[in-house]
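Note sheet for the following structure.
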Amino acid sequence: MRDLKADTNAKMEFWKNLKPNRHLRTINIEHNLCRDKVLSVISEYLKEPGIVLNDLNLAKNFITGKGIRDLSVALCNNLSLKKLNLGDNKLEDDGLDIFAASLS
């Protein structure tokens, strides 16, 4: 799902509706302008028990440190995710520090 032109509310609704799906292993939403608000909903999905997602590509989505905070909390509870691409986002040092601290 690349270059999706849906608005933020539609993207958030997509992720909310995805919660019952426990079989997805790879999701690529590179270059979709998801931003922090949508990442918050994605993070809620990642917290769901039984999620088997292995690979999540969030590159080029204008994610900042605020969104990384939500993702960091979700990843503390998610043991299935093995590959995460956050490349080419708006992450500053503070966001990366938060993310790194959550991994230790």
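Here are some notes:
- Among the residues of the range 73-80, at least one is touching a residue at least 24 places away in the same chain (Cβ under 8 Å), polar (S, T, N, Q), surrounded by 15 or more Cβ atoms within 10 Å (Cβ to Cβ) and under 22 Å from Ser102 (Cα atoms).
- Some residue of the range 84-93 being in a loop (DSSP other than H, G, I, E, B) and at pLDDT below 90: yes
- Where a residue in the range 88-104 is on the phi > 0 side of the Ramachandran plot and in contact (Cβ under 8 Å) with a residue 12 or more places away in the chain and its partner, wherever it lies, is part of a loop (DSSP other than H, G, I, E, B) and aliphatic (A, V, I, L, M), with Cβ under 9 Å and at least six apart: Asp88/Ala59
- Residue ID - surrounded by the fewest Cβ atoms within 10 Å (Cβ to Cβ), chosen from residues in the range 5-51 that are part of a loop (DSSP other than H, G, I, E, B) and polar (S, T, N, Q): Asn21
- Residue in the range 65-83 that is closer than 20 Å to His31 by Cα, acidic (Asp, Glu) and part of a helix (DSSP H, G or I) present: yes
The values are calculated or read from the model by the stated rules, or taken from the named source; none is laboratory data. This structure is a prediction, so every number in the text was calculated from the model and none was measured. In this analysis, Cβ positions are derived from the backbone assuming ideal geometry, glycine residues included, and neighbour counts consider all displayed protein chains.
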